[in-house]
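The values are calculated or read from the model by the stated rules, or taken from the named source; none is laboratory data. Worth saying up front: this structure is predicted, and the values here are computed from it rather than measured. Neighbour counts run over all protein chains shown; Cβ positions are idealised from the backbone, glycine included. Ligands, DNA and RNA are stripped out before the accessible areas are found, and what is left, the full protein with its side chains, is counted by its heavy atoms. Shrake-Rupley method; radii C 1.70, N 1.55, O 1.52, S 1.80 Å.
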Amino acid sequence: MTTRSIKVLLDGGMDVRPVALLVQEASKYDSRVYIQMGTKKVNAKSIMGMMSLGLTNGEELEVVADGDDEESAVNGIERFLSGK
């Protein structure tokens, strides 16, 4: 299992389109990928789950991945959320 704290640094914030793109990024990986904020933990491959977080620019969150490509999954999510 790989866990990493990440700060959301997207210029346009996290409205529907960026959340959909984040779900697409998470879905590229075979590993189970979760986003955790406080006590709430959602499947990063679920558009409804991700929308329920109400992410905003500048927020800190935890990415948790578990599986064969967990390190790649966390790195991909980090690249996306940091706007790279």
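Each label was represented as a point 7 Å from its Cα along the Cα-to-Cβ direction; for Glu62 and Met37 these points are 1.6 nm apart.
Each Cα pair under 8 Å and six or more residues apart adds its sequence gap; the mean of these over the residue count of the stretch 14-84 is a relative contact order of 38 percent. Dipole check for the chain: with +1 at the C-beta of Lys and Arg, -1 at the C-beta of Asp and Glu, and the Cα centre as origin, the magnitude is about 220 Debye. For Lys7, the lysines whose Cα comes closer than 17 Å to its Cα, not counting residues fewer than 8 places off in the same chain, are Lys40, Lys41, Lys84.
The stretch 29-76 has equivalent-ellipsoid semi-axes of 19, 12, 9 Å, by the square roots of 5 times the alpha carbon gyration tensor eigenvalues, sorted largest first. Rounded to whole numbers, the Karplus 3J(HN,Hα) couplings from phi for the stretch 58-65 are x, 6, 9, 9, 10, 9, 10, 10 Hz, using 6.51 cos²θ - 1.76 cosθ + 1.60 with θ = phi - 60°, and x at Gly and Pro. For the chain, the carbon plus sulfur part of the accessible surface works out to 48%, probe radius 1.4 Å.
Enter the accessible area per residue of the chain (Å², integer; probe 1.4 Å; all protein chains in place).
Working: 4640 Å² over 84 residues.
Accessible surface, normalised per residue, equals 55 Å².
With the simple model of a label 7 Å out from the Cα in the direction of the Cβ, Lys84 to Val16 spans 3.1 nm. Per-peptide packing, taken as the mean over residues of other Cβ atoms within 10 Å, places 36-48, 60-72 in the sequence 60-72, 36-48 from highest down.
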